[in-house]
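**Student:** Got a structure here, written out as structure tokens. Questions coming.
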Amino acid sequence: MYVFLDIFFLIFHSSLIVFNLIGWVWKQTRKAHLLVLSLTMCSWFGLGGIWYGFGYCPCTDWHWQVKRKLGESELPTSYVKYYVDKLTDLDWNPVILDTSVAVLGLAAFGVSIVLNWRDWRRARVEKRPDSGR
């Protein structure tokens, strides 16, 4: 069961990260992207800032519990560091990776807010009877 959960978290968490980074690209996914990224930010800065440490992610927490059951130890706090190290066979600087993750996450969040606001305004203008369209 733990092997299945390890694979599940690898696929789910990696997909979640990719969606957080590029989900704003498609108009059909923008609202979902903003919601998911808002929850991510609440976790990073809310749960993390108050209880667990900045950048806290429950997916990483749960995945690391599975990995410990599978016998892995000395896991980093960062999911991205773990897999970037594994994929490149290098020991990346965690400060650089954590900073990169935060900057890219906040940039995606900003873009998502702007595009969702723009989409909302356009839809509002198009619904007006006097819009001339």
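Here, each number is a calculation from the coordinates, and none is a lab measurement. Owing to the predicted nature of the structure, the values given are computational and were not obtained by experimental measurement. Using ideal geometry, Cβ is built from the backbone for each residue, glycine included, and neighbour counts are taken over all protein chains shown.
**Student:** Taking the Cα atoms only, what angle lies between the long axis of helix 79-88 and the longest principal axis of the chain, rounded to 10 degrees?
**Tutor:** 70
**Student:** Straight-line reach from Lys69: which lysines have Cα under 24 Å away, leaving out those fewer than 8 places along the same chain?
**Tutor:** List returned: Lys81, Lys86.
**Student:** Relative to the first principal axis of the alpha-carbon coordinates of the chain, what is the inclination of helix 58-69, with its axis defined by its Cα atoms, in degrees from 0 to 90 and to the nearest 10?
**Tutor:** Roughly 20 degrees between the two axes.
**Student:** Evaluated at 10 °C with a viscosity of 1.306 mPa s, what Stokes-Einstein diffusion coefficient in µm²/s does the chain have when Rh comes from the Kirkwood expression over alpha-carbon pairs?
**Tutor:** 95
**Student:** To the nearest 20 debye, what is the magnitude of the charge dipole of the chain about its Cα centre, counting +1 on the Cβ of each Lys and Arg and -1 on the Cβ of each Asp and Glu?
**Tutor:** 1020
**Student:** Rounded if a/c is under 1.5, else prolate if a/b is larger than b/c, else oblate: which is the range 4-63, with a ≥ b ≥ c the root eigenvalues of its Cα gyration tensor?
**Tutor:** The shape class here is oblate.
**Student:** Additional query: Hey, with R₀ at 35 Å, roughly what FRET efficiency would Ala123 and Val103 work out to, going by the Cβ-Cβ distance, to 0.05?
**Tutor:** Numbers: r = 30 Å, r/R0 = 0.87.
With R0 = 35 Å, the Cβ-Cβ based efficiency is 0.70.
**Student:** Shifting gears a bit: Pick out, from Thr77, Ser43, His33, the residue whose Cα sits farthest towards the positive end of the charge dipole of the chain, with +1 on the Cβ of Lys and Arg and -1 on the Cβ of Asp and Glu.
**Tutor:** His33
**Student:** Still on this structure, I have one more. Only four residue types carry charge here, +1 at the Cβ of Lys and Arg and -1 at the Cβ of Asp and Glu. Report the dipole size of the range 48-119 about the Cα centre in Debye, rounded to the nearest 20.
**Tutor:** Using Cβ point charges on Lys, Arg, Asp and Glu, the range 48-119 gives about 200 debye.
**Student:** Another one. Between the range 19-64 and the range 93-120, what is the C-alpha centre distance in whole Å?
**Tutor:** Centre-to-centre (Cα) distance: 10 Å.
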